[in-house]
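Visitor: Below: one structure in structure tokens.
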Amino acid sequence: MARSSLIEFQSQLASRLQAAQLTQSESRWLAVVAGQQRILLPLSQAGEISAYEPPMLLPHAQAWFAGLVNLRGVLCGVVDLAAFLGARLASSPRSNAQSRYIQFTPQLEINAVLLVDQLAGLRTPGQFVMDEHSPAATEPWLGPGLLDASGLTWRELNLALLADDPRFLAVV
């Protein structure tokens, strides 16, 4: 029962994501959780969402590089977002039931996916205010802290800048 409702939620979220990209709706971000980090991915830069399947390991790769996965006939490198951000050790266990792959939009021309622990829905700019107490971002692809109505801090992750970052591209 819980599995069917999770699949239904994923399907509804994917439909909403596609509709938001096509109609230029007010929604601007796909909200995800990676370790203890709450991340906002711009809808204009995020691609397809896929269910988790175990990746093929790549020897001698960075600890945050989880391996390779075949998604619809396209071989993609898998980056464990929480491990890449330093929010979790790459070897730490995760709940695979809620884990998802987030592809980059095809316009970014990178065959990589971000492995996230959980989808948290779509968000709009009106749902946030600047978090004055959040430390400044140390990476150019990571935005300032934003507070939601629950008092939780989120950060926008610019996928276009991340795709050009030398550290992100150096998987071995």
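The values are calculated or read from the model by the stated rules, or taken from the named source; none is laboratory data. Quantities reported herein were computed from a predicted structural model and do not represent experimental measurements. Every residue, glycine as well, gets a Cβ built from its backbone with ideal geometry; the counts of neighbours run over all protein chains shown.
Visitor: From the set of residues in segment 120-156 that are of a type in the set (S, T, N, Q) and in a loop (DSSP other than H, G, I, E, B), which is surrounded by the fewest Cβ atoms within 10 Å (Cβ to Cβ)? Spell out the reasoning first.
Guide: Kept after step one, since they are of a type in the set (S, T, N, Q), are these residues of segment 120-156: 124, 127, 134, 138, 150, 153.
The next check asks that each one be in a loop (DSSP other than H, G, I, E, B); those that pass are 124, 134, 138, 150.
On the way: THR124: 12, SER134: 14, THR138: 7, SER150: 5.
Here the residue is SER150.
Visitor: Now for a different question. Considering each of LEU41, LEU68, LEU58, LEU75 in turn, give the residue that is more than 19 Å from ALA97 (Cβ to Cβ) and part of a loop (DSSP other than H, G, I, E, B).
Guide: LEU58
Visitor: Going through segment 48-67 one residue at a time, which ones are crowded, with 19+ Cβ neighbours inside 10 Å and over 10 Å from the mean Cα position of the chain (by Cα)? Spell out the reasoning first.
Guide: From segment 48-67, those crowded, with 19+ Cβ neighbours inside 10 Å are 49, 55, 64-66; that's our starting set.
Correct list: PRO55, TRP64, PHE65, ALA66.
Visitor: Can you find even one residue in segment 91-114 that is hydrophobic (A, V, I, L, M, F, W, C), assigned to a loop (DSSP other than H, G, I, E, B) and under 30 Å from SER4 (Cβ atoms)?
Guide: Yes: segment 91-114 contains one or more residues that are hydrophobic (A, V, I, L, M, F, W, C), assigned to a loop (DSSP other than H, G, I, E, B) and under 30 Å from SER4 (Cβ atoms).
Visitor: Here is a list of conditions, (1) of a type outside the set (Phe, Trp, Tyr); (2) over 13 Å from the mean Cα position of the chain (by Cα); (3) more than 19 Å from SER44 (Cα to Cα), and PRO140 meets all of them except one; can you say which number that is?
Guide: Condition not satisfied by PRO140: (3).
Visitor: Could I ask something else about it? Out of all the residues in segment 40-57, which are out of contact with any helix residue (DSSP H, G or I) (no Cβ under 8 Å at 6 or more places or on another chain) and farther than 11 Å from ARG28 by Cβ?
Guide: SER50, TYR52, GLU53, PRO54, PRO55, MET56, LEU57
Visitor: Moving on. So for segment 45-54 (the condition being modelled with pLDDT of 95 or more, closer than 19 Å to ALA160 by Cα and assigned to a loop (DSSP other than H, G, I, E, B)), does at least one residue qualify?
Guide: yes
Visitor: Which ones in segment 93-119 are exposed (fewer than 13 other Cβ atoms within 10 Å of the Cβ), in contact with a helix residue (DSSP H, G or I) (Cβ under 9 Å, 6 or more places away or on another chain) and among the polar types (S, T, N, Q)?
Guide: The one that is exposed (fewer than 13 other Cβ atoms within 10 Å of the Cβ), in contact with a helix residue (DSSP H, G or I) (Cβ under 9 Å, 6 or more places away or on another chain) and among the polar types (S, T, N, Q): GLN107.
Visitor: Please identify the pairs in which a residue from segment 30-52 that is more than 17 Å from GLY143 (Cα to Cα) has its Cβ atom under 8 Å from the Cβ atom of a residue that is among the charged types (D, E, K, R) and buried (at least 18 other Cβ atoms within 10 Å of the Cβ), counting only partners at least 6 apart or on another chain.
Guide: Pairs that qualify, where the first residue is more than 17 Å from GLY143 (Cα to Cα) and the partner is among the charged types (D, E, K, R) and buried (at least 18 other Cβ atoms within 10 Å of the Cβ), are GLY35/ARG88; GLY35/ASP117; ILE49/ARG100; SER50/ARG100; ALA51/ARG100; TYR52/ARG100.
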